[in-house]
Structures are given as structure tokens and as C-alpha cells.
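Here is the structure we will look at, set down as C-alpha cells.
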Amino acid sequence: MNKYSAIRVGVGGVTGYTGMELMRRLARHPAVDIRLAMASSSSESKPIPALAKIWDAPVEPLDVDKLVAETDAVFLALPDSIAAEVGPALAARGTRVFDLSGAFRLRDADLQRKWYPHTPAGDSGATYGLTEHYRTELKNATLVACAGCYPTAAILSLRPLVAAGLLEPGVIIDAKSGISGAGKTPSERTHFSECHGSLSAYGVFAHRHAAEIEQEVGVPVTFVPHLIPIDRGIFETIYARLCAGVGPDQIEAALSAAYAGSPFVRLTGADLPEIKHVAHTNFCDIGWRVDRPGGQLVMVAVIDNLVKGASGQAIQNFNVAFGLDETLGLN
Ligand SMILES: NC(=O)c1ccc[n+]([C@@H]2O[C@H](COP(=O)([O-])OP(=O)(O)OC[C@H]3O[C@@H](n4cnc5c(N)ncnc54)[C@H](OP(=O)(O)O)[C@@H]3O)[C@@H](O)[C@H]2O)c1
């Protein structure tokens with residue numbers, strides 16, 4: 001017999017990449033009863049072949065009243081302009097919201113206006129949803145702004161080192177993402193024949209994830225994202241100068257202390273991780289090398305953008321928010 005009392009859950013954006021990943025994991029979550037699966041009205045009642053025998057009930061058009069009436073918690077896997085409207089409407093009526101979009105991640109009002117112009121002005125009361133660093137805050141959260149995909153790998157790597165005062169100014173994050181990071185609708189940049197067999201940098205000094213990383217790490221960073229021709233996965237190579245006398249032992253000590261109680265962060269030391277080690281999982285693997293004490297640090301961090309970078313992280317946040325084991329539905 002299941003020892004958990006079921007939490008009634010709805011998913012908005014179920015026909016998208018992260019929405020489908022959410023459904024797959026929530027369907028086997030022992031404390032979840034999926035009640036509603038929603039998308040835009042153009043998807044109404046269309047079957048989703050990838051979710052056969054996972055969700056065979058109809059997909060319904062997004063409906064706030066229905067979500068409030070029939071669920072305790074809602075995952076929003078929607079464009080940020082739609083989440084900006086729906087998230088607060090649900091939270092104001094007592095439904096707990098786990099938003100995968102960026103609509104509520106930035107606390108600085110000017111930065112929020114710049115990067116997420118659809119988000120209503122003022123304090124949304126959202127809790128930033130990077131589980132490993134916000135477990136206490138998540139326990140009482142009503143509106144959770146789940147961390148972005150690139151920021152998850154960068155913040156998990158850098159935040160403990162900056163907090164311990166180990167790094168000199170001038171951090172560089174060379175980040176690469178699989179194409180699913182851009183969602184299911186192809187653009188000229190993400191079309192198969194544009195990206196297959198190629199590699200491109202984009203959003204240099206103009207990507208909203210830089211602001212999110214700086215907010216959570218606490219120092220300026222140079223962030224350069226690239227598209228790589230694989231379907232899923234994020235690979236970040238991070239370059240930083242170490243403070244005088246700092247070597248690999250201090251790096252390891254800071255990261256080990258930060259993640260001792262974190263089931264989804266794996267520290268690999270000098271064995272640098274690869275995307276295939278984490279694909280389809282909720283793990284973030286972090287490795288590092290140092291040329292000499294007080295010299296150059298190179299870190300490599302990998303995640304699956306659709307899992308630890310999106311749906312898995314949202315479920316991890318949900319678990320903590322509802323006082324459940326952090327790993328439920330994720331192993
Ligand atoms: N992809 C990633 O790796 C990733 C990682 C972290 C965070 N995120 C964020 O997560 C969110 C979802 O991303 P995604 O990649 O899953 O996007 P996606 O594949 O493009 O899917 C978008 C979903 O939103 C629905 N939708 C669009 N407009 C709607 C409307 N007006 N009303 C109701 N539903 C609407 C779509 O439904 P229809 O099929 O009916 O159009 C679809 O189900 C985005 O905010 C994204 O920034 C994505």
C-alpha cells in the first residue's frame with residue numbers, strides 16, 4: 001500500500017519538451033495524483049503519442065479556475081509571457097505553483113523589466129528554486145521560480161567557491177546546450193539543417209541567464225552560450241583565477257561541504273564529467289582541475305537541461321516544498 005496521501009497536481013504546457021518530461025516523472029511519483037494536463041487550445045484533446053499509457057485522458061486548454069478547483073499544486077511549463085500571468089493568479093488563490101519559466105527568477109526590478117517584460121512589476125513573492133541552496137525557503141513557498149538550465153550548472157559550481165572567497169574577479173562561463181533547450185518550435189537557428197554539423201555562439205553579452213547567474217553567485221561573470229548539435233544536455237567549462245594559496249584541496253572542501261546532503265550533485269574531482277553521464281537524470285556532475293595553487297581553475301559541470309535544468313528540478317523543489325523526500329519520483 002502507498003504510504004503517501006496523494007497531492008493533486010496539474011501540469012500546464014504538457015505538449016512541450018519539459019511538460020512531457022514532467023508527466024513521465026510525475027506519473028511514477030508515489031505522492032502525486034495527476035489530475036489535469038493542459039496546453040494551448042490548439043492542442044485540445046489531441047493525443048500525445050509519447051505519453052500513451054502515462055496520460056490517456058484529454059489535454060485541456062489552460063484554465064486557471066479549473067486548476068484552482070481541482071489541484072493542490074501546478075507545474076507551469078509554459079512560455080514566460082503566459083507564466084507571468086497565470087503563476088500569480090494561481091498562487092493568489094492558494095494553489096502552489098512550480099514555474100519552469102524565467103518570469104519570476106530575477107529579484108532586481110530593472111533587470112526583470114529588461115529580460116522579462118511580461119512579468120508584472122513589483123515583488124512577486126517568488127522563491128528561487130535551486131533546491132540545493134534554498135531548501136529552507138522552499139518549505140513555505142507558494143510560487144517557486146525554478147532555476148534556469150544554464151544557471152543551474154553555473155550556480156551549483158560557483159556559488160560555494162565565491163562564498164568561501166576562493167576566486168579572484170573575472171569568471172568566464174563557456175556554456176553549451178543541446179537544441180531541446182530552445183523548446184519544441186524550430187527557428188532558423190535551431191532548425192535541423194542549420195544546427196546539424198555546426199556549432200554557434202549566441203546571446204554574447206545579451207543572454208538573460210547571465211543576470212540570473214550573477215544574482216545567485218554574487219559576482220560578475222562573462223557568460224557565452226553555444227548551441228551544439230545534440231538533442232539534450234548542457235556542458236559548461238568555467239574558468240576562474242584562484243586567490244593566492246588556493247589549491248584543489250580548498251576547492252574540494254568548499255564543494256563537499258556545500259553538497260554533503262545533496263543527492264543530485266556528484267563531485268567528480270579531476271575526472272571531468274560528460275553529458276552522457278547525466279543524460280535523462282536529475283544529476284549535476286561537477287569536476288575541476290587546478291594548474292597550481294593560486295593559479296588557474298577550470299571546472300566542468302554537466303546536466304540534462306530537460307531534467308535537472310527543468311522538470312526534475314521542479315519536482316525536486318515540489319518534494320521539498322511539500323515536506324517529502326527530495327528524491328521521490330526522480331530516481
Ligand atoms: N527546454 C528547456 O531545456 C528548458 C529548460 C529550463 C526552463 N525552460 C522553460 O520552461 C518553459 C517551457 O519550455 P519548453 O522547452 O518545454 O517549451 P515548448 O517545448 O515550446 O512547450 C511550450 C508549451 O507551452 C504551451 N503553450 C504555449 N503557448 C500557450 C498558451 N498561450 N496557453 C497555454 N499553453 C501554451 C505549448 O502548448 P501547445 O503545444 O498547445 O502550443 C507547450 O505545451 C519555458 O518557459 C522555458 O523557458 C525550458
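The values are calculated or read from the model by the stated rules, or taken from the named source; none is laboratory data. Note that the coordinates shown come from a computational prediction; the quantities given were computed from them, not determined experimentally. Note that each Cβ is placed from the backbone with ideal geometry, even for glycine, and that neighbours are counted across all protein chains shown.
For Val11, are the conditions met, namely being outside the structural domain of Phe205 (by TED's automatic domain parsing), surrounded by 22 or more Cβ atoms within 10 Å (Cβ to Cβ), within 17 Å of the chain's Cα centre (by Cα) and on the phi < 0 side of the Ramachandran plot? Walk me through it before giving the result.
Numbers: outside the structural domain of Phe205 (by TED's automatic domain parsing): yes; surrounded by 22 or more Cβ atoms within 10 Å (Cβ to Cβ): yes; within 17 Å of the chain's Cα centre (by Cα): yes; on the phi < 0 side of the Ramachandran plot: yes.
Answer is yes for this residue.
State yes or no: is Pro79 over 11 Å from Gly10 (Cα atoms) and under 20 Å from the mean Cα position of the chain (by Cα)? Write out each step before concluding.
Working: over 11 Å from Gly10 (Cα atoms): yes; under 20 Å from the mean Cα position of the chain (by Cα): yes.
Answer is yes for this residue.
Would it be correct to say that Met20 is under 30 Å from Ala121 (Cβ atoms) and either near the ligand (Cβ under 9 Å from one of its atoms) or outside any helix (DSSP H, G or I) (or both)? Outline the logic, then answer.
Numbers: under 30 Å from Ala121 (Cβ atoms): no; either near the ligand (Cβ under 9 Å from one of its atoms) or outside any helix (DSSP H, G or I) (or both): yes.
Considered against the rule, which asks whether it is under 30 Å from Ala121 (Cβ atoms) and either near the ligand (Cβ under 9 Å from one of its atoms) or outside any helix (DSSP H, G or I) (or both), Met20 comes out as no.
Would you point out the residue of the range 51-65, among those that are within 12 Å of the ligand (Cβ to nearest atom) and within 18 Å of Glu21 (Cβ to Cβ), that is surrounded by the most Cβ atoms within 10 Å (Cβ to Cβ)?
The selected residue is Val59.
Condition check: farther than 30 Å from Ala240 by Cα and either in contact with a helix residue (DSSP H, G or I) (Cβ under 6 Å, 6 or more places away or on another chain) or more than 16 Å from the ligand (Cβ to nearest atom) (or both). Does Ala154 satisfy that?
no
Which condition does Phe283 not pass, out of (1) surrounded by 22 or more Cβ atoms within 10 Å (Cβ to Cβ); (2) touching a strand residue (DSSP E or B) at 6+ places or on another chain (Cβ under 7 Å); (3) under 18 Å from Arg24 (Cβ atoms), if it passes all the others?
The one condition Phe283 does not meet is (1).
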